[in-house]
1. Looking at B:D141, is it out of contact with any Gly (no Cβ under 7 Å at 6 or more places or on another chain), of a type in the set (D, E) and modelled with pLDDT of 85 or more?
2. Identify all residues within segment B:91-123 that are open to solvent by 40 Å² or more (accessible area, probe 1.4 Å), at pLDDT 80 or above and more than 7 Å from every other protein chain (Cβ to nearest Cβ); write none if there are none.
3. Pull up segment B:53-71, narrow it to residues that are more than 9 Å from every other protein chain (Cβ to nearest Cβ) and surrounded by fewer than 21 Cβ atoms within 10 Å (Cβ to Cβ), then point me to the one that is nearest to the chain's Cα centre (by Cα).
4. For segment A:49-59, does any single residue satisfy the condition of being away from chain B (no Cβ under 14 Å), without any contact (Cβ under 8 Å) to a residue 40 or more places away in the chain and of a type outside the set (D, E)?
5. For segment B:78-88, indicate whether the set of residues that are within 19 Å of the chain's Cα centre (by Cα), assigned to a helix (DSSP H, G or I) and more than 8 Å from chain A (Cβ to nearest Cβ) is non-empty.
6. Kindly indicate which of A:Y99, A:Y55 is surrounded by 14 or more Cβ atoms within 10 Å (Cβ to Cβ), touching a Cys at 6+ places or on another chain (Cβ under 9 Å) and outside any loop (DSSP other than H, G, I, E, B).
7. Please go through segment A:247-270 and give me each residue that is of a type outside the set (V, I, T) and surrounded by 14 or more Cβ atoms within 10 Å (Cβ to Cβ), ordered by number.
8. Looking at segment B:124-134, which of the residues that are modelled with pLDDT of 90 or more and open to solvent by 30 Å² or more (accessible area, probe 1.4 Å) is farthest from the other protein chains (Cβ to nearest Cβ)?
Amino acid sequence: MGEGVETAATDLPGSASPVEPDRWPPPGPDEPRPAELARRYGLGVSGARPGLGRYLRQVFGRRHFIVAFASSKLAAQYTTARLGQLWQVVTPLVNAAVYFLIFGVLLGTHRGIPNFIAYLCTGVFVFNFTQQAVQSATRSIPGNLSLIRALQFPRACLPLAATVTKLQQFALSLLVLAGIVLLTGEPLTWRWLLVVPSVALLALFNAGLVLIVARLAAKTTDLAQLVPFLTRIWMYGSGVFYAPQVVTRHLPHAVAAVLDANPAYVFISLMRYALMDSVPAGSLPHHVWLAAPLWALAAGVGGFVYFWHAEEEYGRG
Amino acid sequence: MAEQPTPTVVVDDVHVVYRVHGAGAGRSTPTAAFSRLVRRQRSPGMREVHAVKGVTLVARKGEAIGLIGSNGSGKSTLLRAIAGLLPPHRGTVYTNGQPSLLGVNAALMNDLTGERNVVLGCLAMGMTPAQVRQHYQQIVDFSGINERGDFISLPMRTYSSGMAARLRFAIAAAKSHDVLLIDEALATGDAAFQRRSERRVRELRRNAGTVFVVNHQTRTIRDMCERTIWLESGVVRMDGPTDEVVGAYEEFARNRG
């Protein structure tokens with residue numbers, strides 16, 4: 001709580017006399033205190049935060065709401081645009097084209113990468129999923145305040161729905177990506193099956209991250225202005241348009257280790273390995289098969305607990 | 001004193017303070033914002049509103065309680081605190097089960113069709129998809145949205161304010177509730193809709209333990225509630241039989257006007 005709340009508390013009437021003088025009927029001498037009365041009849045505190053297990057069941061019970069809310073948001077996104085839902089495919093393509101122009105043609109960061117277009121597009125599309133999810137997380141509580149103040153439901157539904165919306169968009173851009181990868185000459189192999197567990201882990205990781213950012217942004221609305229810069233810095237460190245093992249060859253080992261442990265790079269590498277035959281297993285970051293599930297679990301569980309911890313606070317705005 | 005019915009809502013010395021961003025006071029230039037940041041002052045655009053100041057009340061099973069008071073006296077805020085939607089700054093609200101707030105201000109998603117809004121609202125209240133299908137037609141009929149053509153398949157931003165309010169109320173009223181809080185919901189819509197909604201509220205009240213009604217029309221309060229609480233500036237001014245309290249309130253309003 002900020003200092004302003006404390007200053008507000010000084011002008012409150014004393015809690016010793018909660019009953020107004022002209023209350024009707026006047027309280028009897030043997031009338032129990034309200035808290036005692038509530039306890040005697042087993043009344044619960046309104047809007048209290050449920051236990052973690054119960055909260056998890058409540059969220060699971062609203063799974064239809066989460067999915068319906070997510071699809072509706074997705075459908076509503078482009079209703080006023082002329083090209084409509086086509087933007088879902090066009091946006092990632094334009095994105096990839098811009099990065100190709102800057103990094104592939106002008107700056108030439110494609111050193112040591114055989115199939116740069118597919119390499120770049122995979123990086124851009126995968127990172128875009130995380131970036132978009134985090135960006136929408138900053139609005140998921142402040143942007144739905146009227147809904148929060150109108151209906152009682154577990155608030156985690158909102159950031160989770162935001163993640164599902166972005167997952168649906170990502171699924172569409174994956175189809176575009178598959179086309180690009182095949183067109184640039186990569187063969188269709190059994191490795192493509194690895195896409196399924198990779199996307200599942202990535203989605204879990206993003207959901208956790210979204211829950212954390214959603215709670216922070218619910219208190220600090222300024223975060224929405226800051227997040228684009230933070231995610232951009234993160235992107236530059238995630239090997240989206242360069243190969244970290246080439247760049248860090250002459251740098252201290254610690255730098256390489258940090259870049260290798262970066263969860264965004266871990267997931268991007270997994271997707272590249274799954275989709276591209278020209279990416280050998282040897283080029284993957286160390287312990288990638290351990291790092292991916294660990295990051296996903298840590299973010300997923302940690303984010304859920306962290307968000308749940310402030311559940312009763314989300315109405316205040 | 002005779003044995004009283006079981007309490008369903010106990011409000012114990014509740015204070016509600018909420019923060020409003022963007023209240024237009026003070027200089028709003030970047031340099032002013034920066035100097036506030038350096039001096040660790042709060043943004044002047046953020047104000048605290050102390051809307052409810054220490055309300056204590058006990059509501060019992062089968063009661064219908066009216067809430068009256070001037071605009072901005074904290075009626076709606078108190079209802080939201082009872083519903084657990086606005087956490088109290090101090091004090092506690094105890095309830096039997098989860099209270100439900102029927103408000104016309106429940107904003108839905110304006111870019112979506114009325115149809116989608118019905119489905120989403122029902123799912124958010126905890127209905128299963130099967131229950132939503134079962135209630136869907138009933139909600140549309142109740143709202144009267146489709147009386148003059150197929151409006152339910154249009155986005156909600158094309159609705160008139162009365163139509164949107166009717167649809168919101170119809171969605172919220174589709175479910176039966178333990179403790180029911182009705183915020184001005186009966187004041188919207190045309191006469192036919194008002195009759196339908198008052199009938200629906202009586203039905204809901206038979207199933208509900210306790211009903212709270214906020215309304216500016218004292219006639220509605222007199223019709224529906226035996227007990228009335230008069231709030232003024234966030235403080236309970238009077239709490240008692242409807243006739244007495246509404247009489248005193250009307251006297252007060254006449255003198256002020």
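The values are calculated or read from the model by the stated rules, or taken from the named source; none is laboratory data. Model, not experiment: these values are computed from the prediction. Cβ atoms come from the backbone with ideal geometry, glycine included; neighbour counts cover every protein chain shown. Protein only, heavy atoms only, side chains kept; ligands, DNA and RNA dropped before computing areas. Shrake-Rupley method; radii C 1.70, N 1.55, O 1.52, S 1.80 Å.
1. Working: out of contact with any Gly (no Cβ under 7 Å at 6 or more places or on another chain): yes; of a type in the set (D, E): yes; modelled with pLDDT of 85 or more: yes.
So B:D141 fits the description; yes.
2. B:E115
3. B:N71
4. Scanning segment A:49-59, I find at least one residue that is away from chain B (no Cβ under 14 Å), without any contact (Cβ under 8 Å) to a residue 40 or more places away in the chain and of a type outside the set (D, E), so the answer is yes.
5. Let us first name the residues in segment B:78-88 that are within 19 Å of the chain's Cα centre (by Cα), namely B:78-88.
Now narrow it down to the ones that are assigned to a helix (DSSP H, G or I): B:78-82.
Of the ones still in play, those that are also more than 8 Å from chain A (Cβ to nearest Cβ) are B:78-79.
Yes.
6. Details: A:Y55 fails: touching a Cys at 6+ places or on another chain (Cβ under 9 Å).
Just one listed residue meets the conditions, A:Y99.
7. A:A256, A:L259, A:D260, A:A261, A:N262, A:P263, A:A264, A:Y265, A:F267, A:S269, A:L270, listed by residue number.
8. The extreme case among them is B:Q134.
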